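Okay, so here's the structure we're looking at.
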Amino acid sequence: MTRLQFVADTAQHATQAIAAALGVDVAMIDDQFQLVATSKTFLNKRGTDINKSFVQKVNETGSSVIPNPGHHEFCKGCKYENNCPETAEVIRTMKYDGEIIGVILMVTYTQAQKERILANTEVLLEFIGEMADLICKDIKLGEAMANEKLVTKQLQTTMDFLDDGIIMVDRYGTITQSNKTAQKMADINQKDWINHSIREFLPFQVYDFLINQGRSLKRLEVSAQNPEKGKFLVSADPIIVKEKVAGAVMHIEDMDQVHNQVYEYSQTQIRYSFDDIKGDSPEIRAVVNYASQISANDSTILIQGESGTGKELFARAIHNHSPRRNAPFIPINCAAIPEALLESELFGYTDGAFTGAKKGGKPGKFEMAGKGTIFLDEIGDMPLHMQAKLLRVLQEKIVERVGSVNPIPVKARVIAATNQNLESREYLHKFRRDLFFRLSVMPLTIPPLRERKSDILVLAEYFMKKYAARFHSQVKGLDQKAREQLLIHPWPGNVRELENAIEYAVNMERSEKITKACLPANVCQSIQLPPKEQGLMARIKEYERLIIVQSLELHGSSVPGKKEVARELGISLPTLYRRIKELGI
């Protein structure tokens with residue numbers, strides 16, 4: 001579109017005004033030799049043909065008065081040469097910032113019209129020059145308005161691209177502009193929000209700081225007026241013009257999102273080493289030495305062990321002992337994330353991949369891990385269709401975001417963990433055999449606490465000192481009966497259960513030594529070993545009862561749990577049910 005076409009309506013009005021005032025035909029031709037505006041009779045008499053050579057010669061002179069159309073040197077090559085119906089022409093170029101944008105042409109067809117305009121050529125040229133100036137001013141104004149709209153659109157697009165809320169207000173605190181994130185936070189659309197006071201959304205304190213006092217805000221936590229229960233972190237700066245507040249720009253973060261980001265960041269910063277794994281038993285020392293050895297390479301590791309044995313602690317220690325220690329450690333609990341969201345959490349998604357997808361998309365955990373370590377906890381609970389996708393990631397070292405077909409290289413090391421028997425889940429068609437082999441390149445099994453009883457008191461002493469210092473307790477040790485009870489208990493919850501028991505006891509104990517009475521009830525109710533005075537059959541029966549009870553505590557009394565108990569003990573499920581009934585369990 002040429003500049004003259006940009007203001008075609010204005011040009012047409014000016015053309016008709018000149019024609020009506022002077023009683024002549026008028027036309028405006030742009031720099032591409034196109035008719036942009038004409039008086040009513042111009043097209044009927046002249047048509048739409050434009051003599052380009054004629055216009056170019058006029059552009060060279062700036063203005064021309066032609067008293068003999070058809071016989072003038074400018075008319076050479078025109079179809080009306082030597083036979084022109086016009087009696088006179090007055091023509092002038094139109095310039096915008098020194099650049100020719102077109103011409104204004106006045107035409108007469110009678111002798112009277114000719115005499116009238118030839119007698120006043122200087123005045124007419126000045127007049128049409130002023131009209132040209134008016135049109136150029138309209139062009140400048142239109143371009144300025146278009147540029148302002150473009151800048152406003154660019155600013156709005158940039159603001160909408162941000163994940164945090166942005167609000168702009170004028171000197172009265174009235175909202176003039178906001179992005180979609182801010183509107184979503186306030187549950188108000190832009191149409192309803194614009195021209196409303198910021199005081200309808202944020203407390204008066206924010207308005208007072210910015211508008212009345214002209215002070216900046218740095219991450220001030222506030223409760224929103226609407227929605228009433230919303231909490232936000234507000235940063236803002238006033239806009240000062242000639243030492244007066246002319247408005248303000250605010251940056252708003254949802255506190256829930258801030259907490260999530262802090263949590264995610266803190267998870268990557270927790271530093272554990274093998275020194276944090278307490279215990280002197282040969283069983284735990286052998287596992288620690290093995291874990292230390294395999295931490296140096298990049299092979300995939302599968303950590304197996306019952307709940308509470310410290311699988312994530314081992315994973316973090318391996319990461320921090322590896323060459324990847326300065327890169328992120330990204331943990332993800334495969335059992336805690338809804339199945340529908342697990343793929344997007346692991347692999348990320350593109351903009352618009354699904355309803356509610358964040359604008360611009362989001363990287364998945366594999367991308368976030370970079371050259372670090374991704375820890376897939378509770379891998380045994382991963383859905384089968386996701387197992388197939390994870391297998392492809394492990395094999396091909398690439399991921400594809402949800403909604404995209406572009407592969408992204410994966411450089412992170414994978415450590416998986418489970419408290420389930422993956423081989424039995426494979427038998428039940430709940431875990432892929434090929435994935436099991438791909439994960440367990442370097443298998444690591446953590447023994448349960450009941451199989452390393454010499455560590456029980458070592459761990460108990462460690463936890464006692466930890467919580468005594470935290471709670472400013474006078475507790476300094478364990479009495480003999482408490483020690484015996486800790487050794488008797490089967491610890492189905494392993495180290496985590498022991499830590500919780502000691503924390504409970506430190507809270508409850510008022511003397512310097514933890515007594516049996518201050519241990520949790522479930523620890524004190526553990527089945528005692530049968531006394532030596534009993535006969536052989538009675539003792540065997542009591543041992544059998546103890547073993548079944550401990551297995552049930554470990555795997556649960558549900559049908560799947562009992563199936564696992566039967567498999568572990570090497571008996572059939574009906575036999576297990578019969579022994580439970582006979583032993584009064």
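The values are calculated or read from the model by the stated rules, or taken from the named source; none is laboratory data. Every value quoted in this text rests on a predicted model; they were computed, and no experiment measured them. Positions of Cβ are generated from backbone atoms using ideal geometry, with glycine treated the same way; all protein chains shown enter the neighbour counts.
General remarks:
- Among residues that are farther than 11 Å from A248 by Cβ, in contact with a Gly (Cβ under 9 Å, 6 or more places away or on another chain) and either at pLDDT 75 or above or among the charged types (D, E, K, R) (or both), F204 is not included.
- So V7, is it within 60 Å of the chain's Cα centre (by Cα), buried (at least 18 other Cβ atoms within 10 Å of the Cβ), closer than 28 Å to E143 by Cβ and in the same structural domain as M106 (by TED's automatic domain parsing): yes
- Of L459, L444, all but one fail to be assigned to a helix (DSSP H, G or I) and either touching a helix residue (DSSP H, G or I) at 6+ places or on another chain (Cβ under 6 Å) or surrounded by 15 or more Cβ atoms within 10 Å (Cβ to Cβ) (or both); the exception is L459.
- Of the criteria (1) surrounded by fewer than 19 Cβ atoms within 10 Å (Cβ to Cβ); (2) within 24 Å of P323 (Cβ to Cβ); (3) in contact with a Pro (Cβ under 9 Å, 6 or more places away or on another chain), which one R450 fails: (2)
- Of all residues in region 374-420 being surrounded by fewer than 16 Cβ atoms within 10 Å (Cβ to Cβ) and of a type in the set (S, T, N, Q), the one that is nearest to V495 (Cα to Cα): Q395
- Residue match in region 117-130 (condition: under 15 Å from V26 (Cα atoms) and not in a helix (DSSP H, G or I)): no
- Inter-residue pairs, beta-carbon under 8 Å, first over 17 Å from P443 (Cβ atoms) and in the same structural domain as G305 (by TED's automatic domain parsing) and in region 276-291, second surrounded by fewer than 16 Cβ atoms within 10 Å (Cβ to Cβ) and β-branched (V, I, T), 6+ apart: K278/V458; G279/V458; D280/V458
- Unmet criterion (only one of (1) hydrophobic (A, V, I, L, M, F, W, C); (2) in a strand (DSSP E or B); (3) at pLDDT below 95) for I415: (3)
Results for (1) out of contact with any strand residue (DSSP E or B) (no Cβ under 7 Å at 6 or more places or on another chain); (2) of a type outside the set (A, V, I, L, M, F, W, C), shown as yes or no for each residue.
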| site | (1), (2) |
| --- | --- |
| T2 | no, yes |
| F6 | yes, no |
| A11 | no, no |
| Q16 | yes, yes |
| A19 | no, no |
| V26 | no, no |
| T38 | no, yes |
| N51 | yes, yes |
| K57 | yes, yes |
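- Checking R285, R324 one by one, the residue that is of a type in the set (K, R) and buried (at least 19 other Cβ atoms within 10 Å of the Cβ) is R324 and no other.
- For region 363-389, the set of residues classified as among the aromatic types (F, W, Y) and part of a helix (DSSP H, G or I) consists of F366 only.
- When region 329-365 is filtered for residues that are over 22 Å from Y272 (Cβ atoms), crowded, with 17+ Cβ neighbours inside 10 Å, in contact (Cβ under 8 Å) with a residue 24 or more places away in the chain and not aliphatic (A, V, I, L, M), the ones remaining, listed by number, are E343, S344, F347, G348, Y349, T350, G361, G364.
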